[in-house]
Amino acid sequence: MGTQQFIFIVVSVFVVGLSVAIGVNMFTATYTDHINDILIQKIHDIGGEANRYRMKPAVMGGGGKSYKGFKTSKFHNDDLVEEIKIKALKYKLDLTLTLKSDQKKSGKLEASFDDKGVIYRLRIYDPDEKKWTWLVNDKKDKKEKKEKNPKKPKKPKKG
């Protein structure tokens, strides 16, 4: 009888320990996904603000169909974001969010918006794995250059 009780206790401790380990692992994965979702939402919020700025006429304090001069007033007292870098060009907006060092060891999120306010590049840096993960990568730069500078057909000479 004592041997059966001992085996039962050992198996119970093993099952409880395994359950706790699996629960911690699931929580960590879920927490990381949750942080990434929050950051993506922040990128969308800033992109929406930038698009409103771009669409507003220059005489009303907007960009007049340009991202140039855009600055965000959001996230100055943010719990996750340490720094926001904005590179605003006429037809393109690049954003980089850097996480605070106590959150995910200074991970980063980069996004690029086109002239219609649509994200065409979005990637997240994971400092634990030391690699970038692309979420959106449409590579529109080359396509835009071709579309904006089409070769004009030569007119036939009249003779």
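The values are calculated or read from the model by the stated rules, or taken from the named source; none is laboratory data. Just so you know, these numbers come straight off a predicted model, no measurement behind them. Every residue, glycine among them, receives a Cβ derived from its backbone with ideal geometry; neighbour counts consider all protein chains shown.
Restricting attention to the stretch 88-102, the residues being loosely packed, with under 14 Cβ neighbours inside 10 Å and modelled with pLDDT under 80 number 2. Taking the stretch 126-136 as the range and being within 21 Å of T28 (Cβ to Cβ) and modelled with pLDDT of 85 or more as the test, the residues that pass are K131, W132, T133, L135.
Quickly run through the stretch 103-119 and pick out the residues that are modelled with pLDDT of 80 or more and within 11 Å of the chain's Cα centre (by Cα). Walk me through how you get there before you give the answer.
Within the stretch 103-119, the first condition is being modelled with pLDDT of 80 or more, and the residues that meet it are 108-119.
Answer for the stretch 103-119, where residues must be modelled with pLDDT of 80 or more and within 11 Å of the chain's Cα centre (by Cα): K108, L109, E110, A111, S112, I119.
From the list T32, T28, the one residue that fits, being surrounded by fewer than 14 Cβ atoms within 10 Å (Cβ to Cβ) and assigned to a helix (DSSP H, G or I), is T28.
Residues that are surrounded by fewer than 12 Cβ atoms within 10 Å (Cβ to Cβ) and of a type in the set (F, W, Y) are absent from the stretch 50-71.
How many residues does the stretch 107-128 hold that are assigned to a loop (DSSP other than H, G, I, E, B) and within 16 Å of V81 (Cβ to Cβ)? Walk me through how you get there before you give the answer.
Pass one, the stretch 107-128, residues assigned to a loop (DSSP other than H, G, I, E, B): 107, 114-118, 127-128.
So of that shortlist, the ones also within 16 Å of V81 (Cβ to Cβ) come out as 107, 127.
Count: 2.
So, K74, is that one at pLDDT 85 or above, out of contact with any Ser or Thr (no Cβ under 6 Å at 6 or more places or on another chain) and of a type in the set (D, E, K, R) or not? Steps first, please.
Details: at pLDDT 85 or above: no; out of contact with any Ser or Thr (no Cβ under 6 Å at 6 or more places or on another chain): yes; of a type in the set (D, E, K, R): yes.
No; evaluated as a whole, the condition is false for this residue.
Give me a count of the residues in the stretch 35-60 that are among the small types (G, A, S) and part of a loop (DSSP other than H, G, I, E, B). Number satisfying all stated conditions: 0.
In the stretch 30-37 there is no residue that is hydroxyl-bearing (S, T, Y) and over 19 Å from the mean Cα position of the chain (by Cα).
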